[in-house]
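Contents: one structure, followed by commentary.
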Amino acid sequence: MNIHTYEKIWLVAALLLIVAFIGTITYGSVGLGIAMIDDSEETIDPSALSEDDRFSEPRVEQVGENEYEAYVVARTFMFQPDPIEIPAGSEVTFYVTSPDVIHGFSVVGTNVNTMVIPGEVSTMTAEFDEPEEYGIVCNEYCGSGHHTMEGQITVVPEDEFDLTELSVEAPDEVEPGNETEFEVTVENGQLEDLETTIALEIGNETFEEDVTVPGDDSETVTFTVDTADLGEGDHDWTVTVDDYEESGTLTVVDPDAENGDGGDTDE
């Protein structure tokens, strides 16, 4: 059987085109590291997300080398957390749920796109190789504020990323002559140990302590301040750990001076 040269060319071109289509579909569904949701996830009570360890505090967690999990809550009309910050060169598994109505979770410029149904957890895994910003939109109509429902994923250079959280427990008001305590807790969400310095500034005094916070753990430091050195009045304070900062005001007040000595009464 004799096949004309032009027919051979078109036949080869058609076969190459078919192979290219198959390769494109395969890459889009497998090569980008996207795992679609399925029906194997257990259900969740949408009215009790505050009692669920995964979604009571929407956040990003490191679970392995270059592996992270993001627990996201889509609610009218926002995403939490926002922005979602992750390091470049990481694989991120998103766990997304809703406490109210059906939403969408679509990351613009990628094929991360899922429906978020109350009572269910949508799970998707994606890889983010380079520093970049991605918009998140809700592509399921969810009410009057649907058009304003958007968020952001920020992919930062790996050496600029951390999962540090800072919290401070301190009184608002104390009496003069007493010592008061500032309890500072640093949480390290990454797996590597964090070496840092905690600094407290109040009045003209500065307190510092170097700490090592183990990976996926926390460290608490207590600073003791003598109010006699501060004097009466309002004293602004600031606690810093790397780029994180908490501030407030400590008031030193004498109750006797405020209320009078009580020795004189009108007749």
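The values are calculated or read from the model by the stated rules, or taken from the named source; none is laboratory data. Here the structure is a predicted model, which is why all the values come from computation and not from measurement. Positions of Cβ are generated from backbone atoms using ideal geometry, with glycine treated the same way; all protein chains shown enter the neighbour counts. Just so you know, the surface numbers come from the protein's heavy atoms only, side chains and all, with ligands and any DNA or RNA stripped out. Shrake-Rupley method; radii C 1.70, N 1.55, O 1.52, S 1.80 Å.
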Discussion item. Give me the residue from segment 129-145 that is outside any loop (DSSP other than H, G, I, E, B) and over 13 Å from F79 (Cβ atoms) and, out of that set, most open to solvent (accessible area, probe 1.4 Å).
Written reply: E133
Discussion item. Touching a Phe, Trp or Tyr at 6+ places or on another chain (Cβ under 8 Å), at pLDDT 95 or above and either in a strand (DSSP E or B) or open to solvent by 70 Å² or more (accessible area, probe 1.4 Å) (or both): which single residue out of A126, A74 fits that description?
Written reply: A74
Discussion item. Taking the criterion of being open to solvent by less than 30 Å² (accessible area, probe 1.4 Å), touching a residue at least 24 places away in the same chain (Cβ under 8 Å) and of a type in the set (S, T, Y), would at least one residue in segment 102-120 satisfy it?
Written reply: yes
Worksheet item: If a residue has to be part of a loop (DSSP other than H, G, I, E, B) and modelled with pLDDT under 95 to count, how many in segment 101-117 make the cut?
Response: 6
Worksheet, complete the sentence: Subset of segment 146-159, residues in a strand (DSSP E or B), open to solvent by less than 100 Å² (accessible area, probe 1.4 Å) and over 24 Å from E65 (Cα atoms), comes to G151
Fill in: Members of segment 169-190 that are open to solvent by 80 Å² or more (accessible area, probe 1.4 Å) and in a loop (DSSP other than H, G, I, E, B)
D172, E175
Fill in: Some residue of segment 230-253 being modelled with pLDDT of 90 or more, in contact with a helix residue (DSSP H, G or I) (Cβ under 8 Å, 6 or more places away or on another chain) and not in a loop (DSSP other than H, G, I, E, B)
yes
Worksheet item: Condition test on T212, is it farther than 21 Å from L250 by Cα, among the polar types (S, T, N, Q) and surrounded by fewer than 15 Cβ atoms within 10 Å (Cβ to Cβ)?
Response: yes
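Go through segment 77-100 and report how many residues are part of a loop (DSSP other than H, G, I, E, B), under 13 Å from the mean Cα position of the chain (by Cα) and of a type outside the set (D, E, K, R).
2
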Item to complete: Could you please give the count of residues in segment 191-207 that are surrounded by 12 or more Cβ atoms within 10 Å (Cβ to Cβ), in a strand (DSSP E or B) and without any contact (Cβ under 8 Å) to a residue 40 or more places away in the chain?
Response: 5
Item to complete: Starting from residues that are touching a residue at least 12 places away in the same chain (Cβ under 8 Å) and of a type in the set (G, A, S), keep the ones in segment 208-250 and report whichever is nearest to D172 (Cα to Cα).
Response: G248
